[in-house]
1. Residues D235, D203, D239: which one is out of contact with any strand residue (DSSP E or B) (no Cβ under 8 Å at 6 or more places or on another chain), under 24 Å from D153 (Cα atoms) and either assigned to a loop (DSSP other than H, G, I, E, B) or hydroxyl-bearing (S, T, Y) (or both)?
2. Take D126 and decide whether it is outside any loop (DSSP other than H, G, I, E, B) and crowded, with 24+ Cβ neighbours inside 10 Å.
3. Take region 96-115 and flag every residue that is closer than 11 Å to I226 by Cα and more than 14 Å from the chain's Cα centre (by Cα).
4. Tally up the residues in region 29-57 that are among the aliphatic types (A, V, I, L, M) and assigned to a strand (DSSP E or B), please.
5. If L191 satisfies every condition in (1) under 15 Å from the mean Cα position of the chain (by Cα); (2) in a loop (DSSP other than H, G, I, E, B) but one, which is the exception?
6. Quick test of your reading of the structure: S187 fulfils all but one of (1) among the hydroxyl-bearing types (S, T, Y); (2) surrounded by fewer than 22 Cβ atoms within 10 Å (Cβ to Cβ); (3) in contact with a helix residue (DSSP H, G or I) (Cβ under 8 Å, 6 or more places away or on another chain). Name the failing condition by number.
7. Of all residues in region 58-86, how many are outside any strand (DSSP E or B), of a type outside the set (S, T, N, Q) and in contact with a strand residue (DSSP E or B) (Cβ under 9 Å, 6 or more places away or on another chain)?
Amino acid sequence: MKQTSLLISLALAGMLGHSTAMAAPTAVATWNFNGTLAADEPSVAALTAIDPLGTSAFITDSVFGVSRTVYRFDGNQTPSQQAGLSIATAGLLNNDNAYSVDIVFQFESNQSTWENIFGVSNRQSDNAFYVEPGNHLQVWPTGGGPTVFTFGDYHRVTLTNRGDGTVTAYLDGIFQFDLTTTSMDFSAYSLVNPNRLIHFFADNVVGGGQNEFADGRVALIRLYDIELTNTQVGDIGNDSNTGNTGTVPEPATLALASLGLLGAMGLRRRHA
């Protein structure tokens, strides 16, 4: 009982650090995929399609019960034939590692053991943000979250980077994990990624684990040049862009989720 109480106290302390109330933040870049890869902000560049097969396209789909246009990325697991999107963030995000990415998307089916959500290595490293074999979020190679990611359904996934080697992830607005890792730091890949590229859905083409890809559909991508707090993640989930409430649970609920996470933190994968 003492150990359980201590774990709850530690989890509460960690989560409360992210719950400071702030004004709703403004994204520095927003892509709504309404028939174009252009950003909503006139000064922001369009996304670049990674579409080696030429089969990705805009389609109409139901996203959280609302009919709208989305972008379907269509490829296969062969690294040179994977599909996705990319954006150069040099000059868009501040020249540091503090940022947040908010995405509404689905993977159509569980096509591989791991599925790449996004990375910041210019596809030169396997270190990235994934759905792992147990169908949870994970930043390789450090650990994952407790909530199951279901395939064929839209989810809102948010990753924040504090800028000091700490990342926090949310699935549908629900806290998943805090991790100490440099896997999502632009500075870790400065030599191979000078333009601070973010690559979405397409996996690495160098090193191990190169086949971690699944076809999918994306309805929204937003970038912030700060680490969002858990309150802010909830706030931006309540706007008209996301189409769902994205509610973040109270800290006590977060603590219980963190206890469930402790058993998952040891999960590791074997590279190909």
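The values are calculated or read from the model by the stated rules, or taken from the named source; none is laboratory data. Since this is a predicted model, take the numbers as computed values, not measurements. In this analysis, Cβ positions are derived from the backbone assuming ideal geometry, glycine residues included, and neighbour counts consider all displayed protein chains.
1. One residue alone meets the criteria, D239.
2. So D126 fails the test.
3. D96, N97, A98
4. The qualifying residues number 4.
5. The failed condition is (1).
6. With (1) among the hydroxyl-bearing types (S, T, Y); (2) surrounded by fewer than 22 Cβ atoms within 10 Å (Cβ to Cβ); (3) in contact with a helix residue (DSSP H, G or I) (Cβ under 8 Å, 6 or more places away or on another chain) applied to S187, the lone miss is (3).
7. 4
Residue-by-condition table, conditions (1) farther than 28 Å from D51 by Cα; (2) crowded, with 24+ Cβ neighbours inside 10 Å; (3) under 13 Å from the mean Cα position of the chain (by Cα):
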| residue | (1), (2), (3) |
| --- | --- |
| G163 | yes, no, no |
| T166 | yes, no, no |
| L179 | yes, no, no |
| H199 | no, yes, yes |
| G216 | no, yes, no |
| D225 | no, no, no |
| T231 | yes, no, no |
